[in-house]
Amino acid sequence: MQAINSKDVAAVMDVVSYEYISAEDAKSICKEFSSTNTMLSDEAILFLKKFYTSKD
């Protein structure tokens, strides 16, 4: 699987902000992004983990 780049993340955030996808789908995408991008800082990984493990 190819790593998701920052343009993909920006596009997803636009979609999420307009509520075109569910929170569950957004969390799934976030989790996949976090796990496939090994260049992320520890701080970024923790931020993403807080999002995709949070309650709706």
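We did not get these values from a lab; they are worked out from the coordinates using the rules stated. Bear in mind the structure is a predicted one, so any value in this text is a computation, not a measurement. Cβ coordinates were reconstructed from backbone atoms using ideal geometry, including for glycine residues, and neighbour counts include every protein chain displayed.
Data table
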| read-out | value |
| --- | --- |
| Positions within the range 35-56 being of a type in the set (F, W, Y) and either in contact with a helix residue (DSSP H, G or I) (Cβ under 8 Å, 6 or more places away or on another chain) or part of a loop (DSSP other than H, G, I, E, B) (or both), in sequence order | F51, Y52 |
| Pairs, first surrounded by 10 or more Cβ atoms within 10 Å (Cβ to Cβ) in the range 43-56, second basic (K, R), C-beta under 6 Å, six or more apart | Y52/K27; Y52/K31 |
